[in-house]
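For reference, the structure is listed below as structure tokens.
Please treat every number below as a calculation from the coordinates, not as lab data. All figures in this text were calculated on a predicted structure; none of them were measured in a lab. Quick reminder, even Gly has a Cβ in these numbers, built from the backbone with ideal geometry, and neighbours come from all protein chains shown.
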Amino acid sequence: MKDIHSDPLPETSSKNPPPKSQADDDISMGYRGLNEFVVKFKRKNISEERAQFIFKRKGIFSWKLSALRLPQNLFSDFPGYQNNDVGNTVGRVGRARQRAARSTISLFETALDTYRLDIGKYPTTAQGLKALRERPNDVHGWDGPYLPKDIPMDPWGNPYQYLGDHNSFSLISYGADGKLGGKAEDTDLTGS
């Protein structure tokens with residue numbers, strides 16, 4: 001039988017550095033309750049914070065990754081990273097929500113125009129967007145529903161605002177803050 005330790009160690013060059021040992025990493029894990037398990041990982045000498053992998057139990061033997069928490073400074077070396085936060089990623093999420101709200105407003109506008117073609121006028125503020133799904137009592141010629149599903153909330157969980165008289169209407173999503181006015185993700189989105 002060959003002695004494993006008798007072979008010389010392979011030489012390393014700058015092209016092929018030796019693999020990092022696990023001693024360079026700090027890993028801890030444990031249960032955070034009966035149905036939650038957390039693995040924390042940190043590279044020594046690189047980061048002050050730990051990455052966290054959070055698993056939730058699904059059934060008796062199955063676990064599912066439910067969250068991944070990354071250190072804020074993970075993105076500090078990327079171009080466009082500002083003020084030591086994940087600004088670009090947060091900005092992209094905000095812009096995606098704004099695009100979704102604009103798309104929904106556009107869908108409402110189409111449904112409202114179809115309603116007006118059938119009825120001859122737009123719903124009043126009192127009738128609201130609900131008139132696109134349910135026939136108002138005093139309306140003749142209603143051929144809806146004009147939307148395939150119930151009226152959704154905006155991407156931030158707030159109701160869309162509808163103001164209308166029989167000749168015109170306004171649709172508003174107040175953005176992330178749910179209030180009139182604002183900048184960036186809090187910007188009001190409108191349609192008419």
| task | With a Förster radius of 22 Å, plug the Cβ-Cβ distance of residue 109 and residue 180 into 1/(1 + (r/R0)^6) and report the FRET value to the nearest 0.05. | result | 0.60
| query | Between their Cα atoms, which of 121/149; 56/179; 130/179; 149/179 are more than 28 Å away from each other? | reply | 56/179
| query | Say each of residue 117 and residue 158 gets a label point 7 Å from the Cα, pointing the same way as Cα to Cβ; how far apart are those two points in nm? | reply | 3.2 nm
| query | What nm distance separates the two modelled labels at residue 35 and residue 190, each placed 7 Å from Cα along Cα→Cβ? | reply | 4.6 nm
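Rank these for me by crowding, 63, 156, going from fewest to most other beta carbons within 10 Å.
Fewest-to-most Cβ neighbours within 10 Å comes out as 63, 156.
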| Stokes-Einstein diffusion coefficient of region 94-191, Kirkwood radius over Cα pairs, 25 °C, 0.890 mPa s, in µm²/s | 179 µm²/s
| Simple label model, 7 Å out from Cα along Cβ direction - residue 165 to residue 134, nm | 2.7 nm
| task | Between residue 102 and residue 68, take the C-beta separation as r, use R0 = 22 Å, and let me know the FRET efficiency to the nearest 0.05. | result | 0.15
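For the ranges 107-116, 129-138, what's the packing order if you count other beta-carbon atoms within 10 Å of each residue, average per peptide, and put the highest first?
Per-residue Cβ counts within 10 Å, averaged per peptide and sorted highest first, yield 107-116, 129-138.
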